[in-house]
Amino acid sequence: MKFNLTDLNHNDFKQDLISNNLDLVITTGRDAQGLSNIKRTILFSEYFKAIVPNDNILSKRKILNINDFTNQNMLFLDNTWAAIDLISLQNKIKNSVSNINITYANDISALDLLIKSQQGIALGLYCLYPELEGNSCYIPLNWKSKVELAILTSKTNRKKAVNSFIKSIVAYTHNITFNKN
């Protein structure tokens with residue numbers, strides 16, 4: 001059995017999944033919207049959090065509202081790489097807050113580097129950033145949408161290894177929680 005991990009932008013993975021060039025994709029549930037012949041397996045859901053440098057005044061808050069980002073440096077993930085849930089939140093901030101400085105990262109590793117070097121406030125999920133550097137903290141957002149993490153597969157994919165992998169991941173995620181503050 002051979003497993004290859006691939007890091008694709010959202011347009012590429014959707015095309016490869018539809019064409020059966022990929023066996024599965026782990027992404028947000030909303031990324032499956034509009035895709036025909038795709039099976040979605042929800043693993044869990046959680047809310048977005050702000051990843052705030054400890055030396056930022058907002059790091060002392062218990063919860064943040066969109067307008068709290070006024071006069072802040074924000075770190076956004078480029079829309080080619082961001083899931084639709086993150087794109088919606090980033091657009092809400094961009095269109096609601098009049099005075100912010102936005103730095104776009106062109107992929108996840110670039111965003112991670114910007115977060116670690118405390119270049120601004122990022123938006124994230126605990127499941128993607130379970131361990132922050134000691135110089136940053138999570139602050140919950142007052143943002144209505146819950147994000148579903150899901151496995152997407154083609155409905156025609158009948159590979160035993162793929163189905164076994166999905167069952168294992170589902171069993172594992174039901175035994176852990178991603179509710180970190």
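The values are calculated or read from the model by the stated rules, or taken from the named source; none is laboratory data. All figures in this text were calculated on a predicted structure; none of them were measured in a lab. Neighbour counts are summed over all protein chains in view; Cβ atoms, including those assigned to glycine, are modelled from backbone coordinates with ideal geometry. Side chains are part of the model used for accessible areas, which takes the heavy atoms of the whole protein and leaves out ligands, DNA and RNA. Shrake-Rupley method; radii C 1.70, N 1.55, O 1.52, S 1.80 Å.
The table that follows gives values for the structure above.
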item	result
Condition check for Asp107: within 12 Å of the chain's Cα centre (by Cα), under 22 Å from Ser145 (Cα atoms), at pLDDT below 90 and not hydrophobic (A, V, I, L, M, F, W, C)	no
Contacts under 9 angstrom Cβ, first residue in segment 49-75 being on the phi > 0 side of the Ramachandran plot, partner aliphatic (A, V, I, L, M) and open to solvent by 20 Å² or more (accessible area, probe 1.4 Å), 6 or more apart	Asn71/Ile100
Search result, residues across segment 94-127 that are out of contact with any Asp or Glu (no Cβ under 8 Å at 6 or more places or on another chain), in a loop (DSSP other than H, G, I, E, B) and more than 11 Å from Phe69 (Cα to Cα)	Ser117, Gln119
Count - residues of segment 46-58 that are farther than 14 Å from Leu86 by Cα and either crowded, with 18+ Cβ neighbours inside 10 Å or in contact with an Asp or Glu (Cβ under 7 Å, 6 or more places away or on another chain) (or both)	4
Selection within segment 137-156 - polar (S, T, N, Q) and out of contact with any Lys or Arg (no Cβ under 8 Å at 6 or more places or on another chain)	Asn142, Ser145, Thr156
Residue in segment 151-168 that is open to solvent by 60 Å² or more (accessible area, probe 1.4 Å), outside any loop (DSSP other than H, G, I, E, B) and closer than 16 Å to Thr27 by Cα present	yes
Single unsatisfied condition, Asn135 versus (1) loosely packed, with under 15 Cβ neighbours inside 10 Å; (2) without any contact (Cβ under 8 Å) to a residue 60 or more places away in the chain; (3) over 28 Å from Lys39 (Cβ atoms)	(2)
Residue in segment 77-93 that is of a type outside the set (Ser, Thr, Tyr), modelled with pLDDT under 95, in a strand (DSSP E or B) and surrounded by 16 or more Cβ atoms within 10 Å (Cβ to Cβ) present	yes
Count - residues of segment 10-40 that are open to solvent by 50 Å² or more (accessible area, probe 1.4 Å) and assigned to a loop (DSSP other than H, G, I, E, B)	8
Boolean, Lys116 is open to solvent by 70 Å² or more (accessible area, probe 1.4 Å), without any contact (Cβ under 8 Å) to a residue 24 or more places away in the chain and either out of contact with any Cys (no Cβ under 6 Å at 6 or more places or on another chain) or closer than 23 Å to Glu148 by Cα (or both)	yes
Qualifying position, being closer than 25 Å to Ile51 by Cβ, at pLDDT below 85 and out of contact with any helix residue (DSSP H, G or I) (no Cβ under 8 Å at 6 or more places or on another chain), among Tyr138, Tyr129, Tyr172	Tyr172
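To keep it simple, each residue is scored yes or no on (1) touching a His at 6+ places or on another chain (Cβ under 8 Å); (2) charged (D, E, K, R).
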{"position": "Arg30", "(1), (2)": "no, yes"}
{"position": "Leu35", "(1), (2)": "no, no"}
{"position": "Ile42", "(1), (2)": "no, no"}
{"position": "Lys49", "(1), (2)": "no, yes"}
{"position": "Ser59", "(1), (2)": "no, no"}
{"position": "Asn73", "(1), (2)": "no, no"}
{"position": "Ala83", "(1), (2)": "yes, no"}
{"position": "Asn99", "(1), (2)": "no, no"}
